[in-house]
Amino acid sequence: QREDEQGEKTAPPSHQLSFIGARCCVQSNKRCTVIGGSGFLGRHLVEKLLERGYSVSVFDIRQSYELPGVTFYQGDLCDKRTLLPALQDVSLVFHCASPAPGSDNRELFERVNILGTRTVIEACVEAGVQKLVLTSSASVVFEGTDIKNGREDLPYAKKPIDYYTQTKIEQEKLVLAACDTEKNFLTVAIRPHGIFGPRDPQLVPILVDTARRGKMKFIIGDGTNLVDFTFVENVVHGHILAAEHLRPSSPICGKPYHITNDEPVRFWDFMSEVLMGLGYAAPRYHLPYTLVYGLALLLWLLALVLRPLVSFKPTFTPMRVALAGTHHYYSCERAKQDMGYKPVIGLKEGITLTVQSYPHLRRGA
Ligand SMILES: NC(=O)c1ccc[n+]([C@@H]2O[C@H](COP(=O)([O-])OP(=O)(O)OC[C@H]3O[C@@H](n4cnc5c(N)ncnc54)[C@H](O)[C@@H]3O)[C@@H](O)[C@H]2O)c1
Ligand SMILES: CC(C)CCC[C@@H](C)[C@H]1CC[C@H]2C3=C(CC[C@]12C)[C@@]1(C)CC[C@H](O)[C@@H](C(=O)O)[C@@H]1CC3
């Protein structure tokens, strides 16, 4: 392999041109694979990459859609043999696969987020991939207490609030530690927070489901806590900027970056706006935070003890209550400085686009 003017390895001339669907002449450094590309964020990322002239492959345990020009590889990322073919002749990999945060399955989180990420790194190195962009989470520093304008130098949570967070911390550490400029394997981690937008499978659907069951009448705490919610297109923008700034001399190598809408909003104002936009009533009655958190903890313990006999999933988990009743917003100054990040869609517009995209979740639909 040769090096281009940015110090990036380029594939031999026979690989420099490729015909993908109707597009042609895709440079080898614009060939990428999105691991987790069937998911909410992954699919938005795939669509934007195609728009920007990248040639895209998707590796995922499931195939949720078809798109002209996208090659799908189906498999478990923990299995290197199935993963390797999806990384051939690719210079850039985005890793945004993870089990759903709502699951309480410790074994699954450890296997996919920790062992699986180790496998992803090994496979990338083996296949000669030069850049790995990880989707981490701002929650890696969240312990259930207030974070106001948190910067990336906050320590990782010592007492992660759930298995999802615990394994996202280990995953991020693995990816950042693997950054090796000597070997020209460069890594970076993007830490989004509260992603929302069209096709989101959790935030809006869970909110609407809770409202339909008559449980969205209460505000947890005094309702003034500020939070970041990030429109999916801004998260995608942050990922692509990171990939395009990742070069051996760049300050972003081996570092984490918060990517948010940079518009902290009251948690309950955001929830109310989405609910009212879809025709539901906004929550009105206040409940003390400590009471609701205590109850959620009790329910979680009960669910754990009774698991062998009955299985039930409480709506108000300790994690959700903590997120609903505390401040958690983050500074994206570092992303602005190092890669010129600026949100492309404002919060208000993001909420409108999101609400419009869920006609089937409207009240009475
Ligand atoms: N949604 C949010 O608010 C949010 C916020 C911060 C960070 N993140 C991170 O963003 C990433 C994407 O999240 P999302 O909301 O799009 O989730 P998602 O569930 O929609 O997508 C995850 C994808 O990973 C795939 N996957 C899971 N296990 C796999 C395995 N073993 N092998 C291959 N593929 C597998 C799933 O099939 C799915 O398509 C995750 O890493 C998540 O931790 C999400
Ligand atoms: C039942 C109500 C009290 C709340 C209903 C809405 C919640 C389902 C969402 C509100 C904030 C969301 C959120 C996540 C999941 C869905 C909510 C709890 C994450 C935990 C998903 C995983 C991400 O990595 C977290 C992040 O750091 O961005 C999310 C934080 C916000």
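The values are calculated or read from the model by the stated rules, or taken from the named source; none is laboratory data. Only a predicted model underlies this, so the values are computations on that prediction, with no experimental measurement involved. For neighbour counting, all protein chains shown are included, and Cβ atoms are generated from backbone atoms with ideal geometry for every residue, glycine included. SASA here: full protein model, heavy atoms, side chains in, ligands and nucleic acids out. Shrake-Rupley method; radii C 1.70, N 1.55, O 1.52, S 1.80 Å.
Points worth noting:
- Highest to lowest packing among 243-256, 304-317, 149-162, 264-277, scored as the average C-beta count within 10 Å: 264-277, 243-256, 149-162, 304-317
- Stretch gain in nm, segment Asp89-Ser311, where the contour uses 0.36 nm per residue and the Cα spacing is subtracted: 75.4 nm
- Sorting the segments 42-49, 120-127 by their residues' average number of neighbouring beta-carbon atoms within 10 angstrom, most packed first, yields 42-49, 120-127.
- Each label was represented as a point 7 Å from its Cα along the Cα-to-Cβ direction; for Leu115 and Thr290 these points are 4.2 nm apart.
- Here r is the Cβ-Cβ distance between Asp180 and Asp76 and R0 is 25 Å; the resulting FRET efficiency, rounded to 0.05, is 0.45.
- Average projection area in nm² (convex hull over Cα atoms of the range 14-361, one quarter of hull surface): 17.6 nm²
- With all protein chains in place and ligands, DNA and RNA left out, the 1.4 Å accessible area ranks Glu233, Glu182 as Glu182, Glu233, largest first.
- Net charge contributed by nearby residues that have their C-beta within less than 14 Å of Lys313 (K/R +1, D/E -1): +1
- Whole-Å semi-axes of the range 190-269's equivalent ellipsoid (Cα gyration tensor): 33, 15, 8
- Set the Cα radius of gyration of the range 99-139 against 2.2 N^0.38 Å, with N its number of residues, and you get 1.35.
- Volume of the convex hull of the range 51-164 (Cα atoms only), normalised per residue: 148 Å³.
- The alpha carbon centroids of the range 270-306 and the range 51-109 are separated by 33 Å.
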